[in-house]
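Note sheet for the following structure.
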Amino acid sequence: MIITKTVPFTKDEIKKLLEVFDIYIKTVIDIKKKICSAGCDRHFESEEILLENGSKQSNIWGGGIDLETKLIDYNSFINIRPNDNNTSNEIQDANIREQYKKLTEYFFQEII
């Protein structure tokens, strides 16, 4: 189940998001509009939702959160964008990584 929102996820929503991978939730965040689309099987699914709702590609980044370890990762194929100076699956820009981290902590404050 994919849920897209601008406010933190509730505990019930987080339970639904875990239906795909049990302990891991894939997330795609528009760091400018502060919108998170989570619970996708593949990051591009949430990316499409954000693009359809007016997000700009350069503001959309993918990663996820492991609920057992509480670790946030910054890894997704949608992050490979040489035009945005990102040539890896990982978010390479330290500023963008920090924004992504803070937004993930905000959206998942119920569990972090």
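Values quoted throughout were computed directly from the atomic coordinates according to the rules given, and no laboratory measurement underlies them. This is a predicted model, so every value here is computed, not measured. Backbone-built Cβ (ideal geometry, glycine too); neighbour counts: all protein chains shown.
Taking Cα atoms only, the orientation of helix 43-52 departs from the longest principal axis of the chain by about 70 degrees. With the charge dipole of the chain set up from +1 on Lys and Arg Cβ and -1 on Asp and Glu Cβ about the Cα centre, the Cα lying farthest toward the positive end among the listed residues TYR24, GLY63, THR4 is that of THR4.
Ellipticity at 222 nm from helices only: DSSP H runs of n ≥ 4 in the chain, each -39500 (n - 2.57), divided by the residue count, give -8000 deg cm²/dmol.
A Cβ-based charge dipole, computed about the Cα centre of the range 3-107 with Lys and Arg at +1 and Asp and Glu at -1, lands at about 380 debye.
Each of LEU17, LEU103 was scored by other Cβ atoms within 10 Å of its Cβ. Listed from fewest to most, they are LEU103, LEU17. In this simple spin-label approximation, LYS5 and ASN75 carry label points 7 Å from Cα along the Cα→Cβ vector, and these lie 2.8 nm apart.
Straight-line cross-link reach from LYS33 at under 19 Å between alpha-carbon atoms covers these lysines, not counting any fewer than eight positions away in the same chain: LYS5, LYS56, LYS101, LYS102.
Extension gain, SER58 to LYS15: 0.36 nm times the residue separation minus the Cα-Cα distance gives 12.5 nm. Computed from Cα atoms, the angle from the helix 94-107 axis to the main principal axis of the chain rounds to 20 degrees. Mean separation of Cα pairs under 8 Å and 6+ residues apart, divided by the residue count of the chain: what relative contact order is that in percent? Relative contact order here is 25 percent. With contacts taken as Cα pairs under 8 Å and at least 6 residues apart, the range 44-96 reaches a relative contact order of 24 percent. For semi-axes √(5λ) of the Cα gyration tensor in Å, computed directly from the structure shown, the correct entry in [x] 21, 14, 13; [y] 35, 16, 15; [z] 25, 15, 14 is [x].
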